[in-house]
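The block underneath contains the structure these notes are about, expressed in structure tokens.
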Amino acid sequence: QGRPVESGGGLVQAGESLRLSCAHSGRRLRDYRVGWFRQAPGKARELVAQIRRSGNLAVADPVKGRFAISRDNAKNTVFLQMNSLKVEDTGVYYCALTTSENTFPDSNSDYWGQGTQVTVSS
């Protein structure tokens, strides 16, 4: 059924905004809990935001007030709006799908996208 595909990354200056997209051609995203993760160089991958099947949203403390997650069912896409970007937001951003309320699949599975690079310069 393919993988989710992320897009929208790029190079921006601190304080600017980006909107990332996670789309899937083979799965209906509203049937899954979808998470946005990021991985900075030399650091572990971390969950920054998620949206549950019910539409319930959650955003991690380091990005609270700056990042927002949303879902467009008609476009079968989950977005991550990132405002007031900081240098420490730099990393590869991934989206992942799961039917579990507690875990995400192994990152080698096809429930993970290939990632999109976000670089924030000072």
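No other residue among Ala68, Ala60 is at pLDDT 95 or above and within 21 Å of Gln13 (Cα to Cα) apart from Ala68.
So, of the residues in segment 70-80 that are open to solvent by 10 Å² or more (accessible area, probe 1.4 Å) and more than 14 Å from Leu97 (Cα to Cα), which turns out to be nearest to the chain's Cα centre (by Cα)?
So in segment 70-80, the residues open to solvent by 10 Å² or more (accessible area, probe 1.4 Å) come out as 70-77, 79.
Narrowing further to those that are more than 14 Å from Leu97 (Cα to Cα): 70, 72-75.
Values: Ser70: 10, Asp72: 14, Asn73: 16, Ala74: 19, Lys75: 16 Å.
Per the stated criteria, the residue is Ser70.
With closer than 22 Å to Thr103 by Cβ, more than 11 Å from the chain's Cα centre (by Cα) and open to solvent by less than 20 Å² (accessible area, probe 1.4 Å) as the only criterion, which of Arg28, Arg45, Arg33 stands out?
On the way: Arg28 fails: open to solvent by less than 20 Å² (accessible area, probe 1.4 Å); Arg45 fails: open to solvent by less than 20 Å² (accessible area, probe 1.4 Å).
The unique qualifying residue is Arg33.
For first residues located in segment 25-40 and of a type in the set (S, T, N, Q), partners that are assigned to a strand (DSSP E or B) and surrounded by fewer than 20 Cβ atoms within 10 Å (Cβ to Cβ) and lie 6+ apart or on another chain with Cβ distances below 7 Å form the pairs Gln39/Val92.
Considering only residues that are open to solvent by 60 Å² or more (accessible area, probe 1.4 Å) and hydroxyl-bearing (Ser, Thr, Tyr), which ones fall in segment 85-122? Correct list: Thr99, Thr103, Tyr111, Ser122.
Would you say Glu6 is part of a loop (DSSP other than H, G, I, E, B), surrounded by 14 or more Cβ atoms within 10 Å (Cβ to Cβ) and not aromatic (Phe, Trp, Tyr)?
On the way: part of a loop (DSSP other than H, G, I, E, B): no; surrounded by 14 or more Cβ atoms within 10 Å (Cβ to Cβ): yes; not aromatic (Phe, Trp, Tyr): yes.
Criteria not met by Glu6.
The set of residues in segment 9-25 being open to solvent by 20 Å² or more (accessible area, probe 1.4 Å) and either more than 15 Å from the chain's Cα centre (by Cα) or more than 21 Å from Glu101 (Cα to Cα) (or both) consists of Gly9, Gly10, Leu11, Gln13, Ala14, Gly15, Glu16, Ser17, Leu18, Arg19, Ser21, Ser25. A search for C-beta distances below 9 Å between a residue of segment 57-69 that is more than 12 Å from Gln81 (Cα to Cα) and any residue that is not in a strand (DSSP E or B), counting only pairs 6+ apart in sequence or on different chains, returns Ala58/Arg52; Pro62/Glu88; Pro62/Asp89.
Residue by residue, here is whether (1) among the hydroxyl-bearing types (Ser, Thr, Tyr); (2) farther than 15 Å from Gly115 by Cβ holds:
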| residue | (1), (2) |
| --- | --- |
| Ser7 | yes, no |
| Gly15 | no, yes |
| Ser25 | yes, yes |
| Leu29 | no, yes |
| Gly35 | no, no |
| Pro41 | no, no |
| Arg45 | no, no |
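Scanning segment 87-122 for residues that are assigned to a loop (DSSP other than H, G, I, E, B) and under 13 Å from Ser7 (Cα atoms) gives Gly113, Gln114, Gly115.
From the residues in segment 73-86 that are assigned to a loop (DSSP other than H, G, I, E, B) and free of Cβ contacts under 8 Å to residues at least 60 places away in the same chain, which one is nearest to Ser25 (Cα to Cα)?
Going through the qualifying residues, I end up with Asn76.
The values are calculated or read from the model by the stated rules, or taken from the named source; none is laboratory data. As the structure is a prediction and not an experimental result, all values here were calculated from the model. When we count neighbours, we look across all protein chains shown, and the Cβ atoms used for this are built from the backbone with ideal geometry, even at glycine. The accessibility values were calculated without ligands, DNA or RNA, using every heavy atom of the protein model including side chains. Shrake-Rupley method; radii C 1.70, N 1.55, O 1.52, S 1.80 Å.
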